[in-house]
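Peer 1: Attaching a single structure in structure tokens format; questions to follow.
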Amino acid sequence: MNPSSPSAVLNELLAQRHSCRAFLTDPVPREVQERLLQMAQRTASWCNSQPWQVHITEGAATERLRDALQTTPQQGESGADFPWPREYRGVYQERRRECGFALYDSVGIARGDREASARQGQENFRLFGAPHVAIITSDDALEVYGAIDCGAYVSNFLLAATSLGVATIPQAALASRSQALRKFFGLGDDRRVVCGISFGYADVGHPANAFRTSRAEVSAAAAWIAT
């Protein structure tokens, strides 16, 4: 394969991309962020609706949001705007556990140490130390189709960031604080929080960035019907 061919470049970006769980404090220059967003904006969407809206923090705003997300949810605070999975079962649970165990092993958390695993889980709400977070919302009236389109946007955001040397982690956990996010960003009731993406430059020496998740074989996900 020609290493400069479009397919080779895309394949390399897909291989490089990973969820970063420890960031440097250095901010991403605004011109790099704008280039990233221009690339992600090319995402295909249902009827070209382009339902995503992106709210990005930097500087003091990131610190204010980090503090707000680490507070205990108030009684009666609503959770995620979209339902969580009913359950993870079979191979999906196996893959989920594989990822979790690999993370815990990388940072020295013993299996069964619930206190330490809870502390690691709280890193989601610290944004893993990232200098920026992008909150992705969709139009309420588009329901699941808007969320699907936003998922495609998130994927392209991650690849665009990788191409620019920017590390990312998509975070469904942030959607669990949708009410706090709505208040922080002044979002209307017509917007649903899909997820967040913390981003910045990776702390490559941090042990949480030392592992990579596996991928199933194509045969486990695809089948051809010829007749």
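Peer 1: Treat the count of other C-beta atoms within 10 Å as a stand-in for reagent exposure and order Thr72, Thr62, Thr227 from fewest to most. Kindly include the intermediate steps, with their values, before the conclusion.
Peer 2: Values: Thr72 6, Thr62 20, Thr227 2.
Going from least to most buried by this count: Thr227, Thr72, Thr62.
Peer 1: Label the stretch 174-221 by shape, choosing from rounded, prolate and oblate, from the square roots a ≥ b ≥ c of the eigenvalues of the Cα gyration tensor; if a/c is under 1.5 it is rounded, and otherwise prolate applies when a/b is larger than b/c, oblate when it is not.
Peer 2: Working: a/c = 4.01, a/b = 1.59, b/c = 2.52.
Oblate, because a/c is 1.5 or more while a/b does not exceed b/c.
Peer 1: Local charge sum around Gln16 (other residues, Cβ-Cβ under 15 Å, Lys/Arg +1, Asp/Glu -1)?
Peer 2: +2
Peer 1: Please report Cys150, Cys47, Cys99 as a ranked list, fewest other C-beta atoms within 10 angstrom at the top and most at the bottom.
Peer 2: On the way: Cys150 28, Cys47 9, Cys99 15.
So the residues, fewest neighbours to most, are Cys47, Cys99, Cys150.
Peer 1: Something else: If you place +1 on the Cβ of every Lys and Arg and -1 on the Cβ of every Asp and Glu, how big does the dipole about the Cα centre of the stretch 73-122 come out, in debye to the nearest 20?
Peer 2: Using only the charged Cβ atoms, the result is roughly 180 debye.
Peer 1: Rank these for me by crowding, Trp84, Trp52, going from fewest to most other beta carbons within 10 Å.
Peer 2: Trp84, Trp52
Peer 1: Right, another one. Could you state the principal axis extents of the C-alpha atoms in the stretch 3-47, from the largest down, to the nearest angstrom?
Peer 2: 33, 30, 20
Peer 1: Estimate the FRET efficiency between Glu31 and Ser78 by the formula 1/(1 + (r/R0)^6), using the beta-carbon distance for r and 35 Å for R0, to the nearest 0.05. Mind dumping the intermediate values first?
Peer 2: Numbers: r = 37 Å, r/R0 = 1.06.
It comes out at approximately 0.40.
Peer 1: Ok, one more. Dividing the convex hull volume of the Cα atoms of the chain by its residue count, what figure in Å³ per residue is obtained?
Peer 2: Spelled out: Cα convex hull of the chain, divided by residues, is 176 Å³.
Peer 1: Using a 10 Å cut-off on Cβ atoms, rank the peptides 168-177, 121-130 from the highest mean neighbour count down.
Peer 2: Listed from highest to lowest mean packing, they are 168-177, 121-130.
A short reminder: the numbers here are calculations on the coordinates, not readings from a lab. Nothing here was measured: the structure is a model prediction, and the numbers come from that model. Using ideal geometry, Cβ is built from the backbone for each residue, glycine included, and neighbour counts are taken over all protein chains shown.
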